[in-house]
Amino acid sequence: MNYTKAFFKYVTQNVCGMIGVSVYLLADTFFISVAGGTDGITVLNLALPIYGLIFALGAMIGAGSATYYALRRAMGERDIEGCFYQAVCRCILISIPITLAGIFVPDKIMIAMGADAGILEMAAAYTGTFMAFTPFFIMNNTFTSFARNDGDPTVAMLSSISGSAFNILFDYIFMFPMGMGVRGAALATGLSPIVSILVSLLHYFGKKNHIRLVIVRPSLKQFMQCCSLGVSAFIGEISSGITTMVFNFLLLKLVGNIAVAAYGVTANLALVCMAIFNGISQGVQPLLSDCFGRGDVKNLRHVRRLCLAAAAGAELLLIAVAYGGTDTLIGIFNSEKNPLLVVYAHTGMRLYFLGYLAAGINIMLISYFAAIGRAGIAFTASLLRGVAAISVCALLMSRLFGINGIWLSFLASETITLLVMAAAVMWSRKKAGRKEKG
């Protein structure tokens, strides 16, 4: 296999697919800003942590099970026949409590997220609608991850883009011609993973498919192994939700809804950035797992270098775009021409996006360790950057520097994570060197 050619094929197609997924959230933000103004953006941003939880569970089960499948297949193992079936069953079971909560208590969920009386009705309508589709959001990741690991990144890309295109089109149809408002935006978003799953079936009914829906007895051991391989993907996805929730509460305390709306603009644009990095990391995962499983150290290092170089280039490009088009990007989502929103979002975006100087490299290294079965290192680093460091930095820096400290906490937490990971890699190399001498 030509790994350089395969790298660009897998990464390009997966990045396009992931961007397609994030674009529909941008479309939601735009249409909601037109229909609901600043309050609408605030509602969407308060709901983002819930999206984060749903996508994180889907990533843990889907990416973890698909990585397990790829590693075992590369090693010549035979216990992978029922892997896809078990992953689908896990998706359905884990989605039940979230779906029921969205149907029966969406108002209580949004109060817990920080919604006040002025936006509660809108928030409950939006959240309750999209949470009803939780099983499809979670299963979508499994269908696309297995297709990608079965050598068909093209279908994985097409399924993501198709779902996003459907969402953007029906956002407009449901919200404006049909007059459904924010509930229409949530309905279009909820239906989009169903479209993606249907498109991904092209692989499962095609000639390239090697995956069979074999019904087997559930295996707790396999479940734990898959989750351990997918936990870094879980933390990677949920970290944006945790960051959003922490930032929302701090911004509500310091300023109010207008600051949350300003952060909503930045957070939704940041989702595109994360889609690019996640696209690179998930796209390269089958190649890394294949090299590691076959003991091909030379190509494993080659693919890792390509991965890190792509991340570094993307980091510089994204920061350049953010600084060059700050006000233009903000203006797209500021339908009310609110001057305060511009003031807060302008500074916030420029300070927040500095965090991508380190974030991309961190995501690639975490994905690398997960792809080669080093779940412990991947989990620790993911937990540090996604939960511990960002929470501590945001709380501490908001006290020291106010709202600017909140924006800069992303850079601080990613820098801390990068330094810790660099130290861990150096220590492991020294340890390996001592063993060889001994």
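Annotations
- Within region 281-303, the set of residues being in a helix (DSSP H, G or I) and either surrounded by fewer than 16 Cβ atoms within 10 Å (Cβ to Cβ) or among the β-branched types (Val, Ile, Thr) (or both) comprises Val284, Arg294, Val297, Lys298, Arg301, Val303.
Matching residues to (1) in a helix (DSSP H, G or I); (2) touching a residue at least 60 places away in the same chain (Cβ under 8 Å); (3) within 26 Å of Met364 (Cβ to Cβ); (4) open to solvent by less than 50 Å² (accessible area, probe 1.4 Å):
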site	(1), (2), (3), (4)
Ala186	yes, yes, no, yes
Thr189	yes, yes, no, yes
Val199	yes, no, no, yes
Asn209	no, no, no, yes
Ser239	yes, yes, yes, yes
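- Residues satisfying the criterion are absent from region 8-23 (criterion: without any contact (Cβ under 8 Å) to a residue 24 or more places away in the chain, open to solvent by 20 Å² or more (accessible area, probe 1.4 Å) and outside any helix (DSSP H, G or I)).
- One residue stands out among those in region 132-162 that are in contact (Cβ under 8 Å) with a residue 60 or more places away in the chain and β-branched (Val, Ile, Thr): the one that is farthest from Pro286 (Cα to Cα), which is Thr134.
- If you go through region 226-244 and keep only what is touching a Leu at 6+ places or on another chain (Cβ under 8 Å) and farther than 30 Å from Gly82 by Cβ, you end up with Ser240, Gly241, Thr244.
- Given (1) aliphatic (A, V, I, L, M); (2) modelled with pLDDT under 90; (3) in a helix (DSSP H, G or I), index of the condition Val214 fails: (3)
- Residue count for region 333-379 satisfying the condition of being more than 29 Å from Thr29 (Cβ to Cβ) and touching a residue at least 12 places away in the same chain (Cβ under 8 Å): 11.
- Evaluating Glu81 against the criteria (1) within 25 Å of Met274 (Cβ to Cβ); (2) surrounded by fewer than 19 Cβ atoms within 10 Å (Cβ to Cβ) leaves one unmet condition, (1).
- On inspection, Val34 passes the criterion of being open to solvent by 10 Å² or more (accessible area, probe 1.4 Å), at pLDDT 85 or above and farther than 17 Å from Thr129 by Cα.
- In region 208-232, the residues that are farther than 16 Å from Thr417 by Cβ and small (Gly, Ala, Ser): Ser219, Ser228, Gly230
- With respect to the stated conditions, Ala165 fails to be under 26 Å from Leu48 (Cβ atoms), touching a residue at least 60 places away in the same chain (Cβ under 8 Å), open to solvent by less than 70 Å² (accessible area, probe 1.4 Å) and in contact with a helix residue (DSSP H, G or I) (Cβ under 7 Å, 6 or more places away or on another chain).
- Test: residue in region 245-256 that is without any contact (Cβ under 8 Å) to a residue 12 or more places away in the chain and surrounded by fewer than 24 Cβ atoms within 10 Å (Cβ to Cβ): yes
- Test: residue in region 99-111 that is out of contact with any Phe, Trp or Tyr (no Cβ under 7 Å at 6 or more places or on another chain), of a type in the set (Phe, Trp, Tyr) and crowded, with 22+ Cβ neighbours inside 10 Å: no
- The residues in region 123-140 that are among the polar types (S, T, N, Q) and either surrounded by fewer than 24 Cβ atoms within 10 Å (Cβ to Cβ) or not in a helix (DSSP H, G or I) (or both) can be counted, and the count is 1.
The values are calculated or read from the model by the stated rules, or taken from the named source; none is laboratory data. Everything numeric here is computed off the predicted structure, so don't read it as measured data. Please note: Cβ atoms are built from the backbone with ideal geometry, for glycine as well, and neighbour counts cover all protein chains shown. Please note that ligands, DNA and RNA were not included when accessible areas were found on the heavy atoms of the full protein model with its side chains. Shrake-Rupley method; radii C 1.70, N 1.55, O 1.52, S 1.80 Å.
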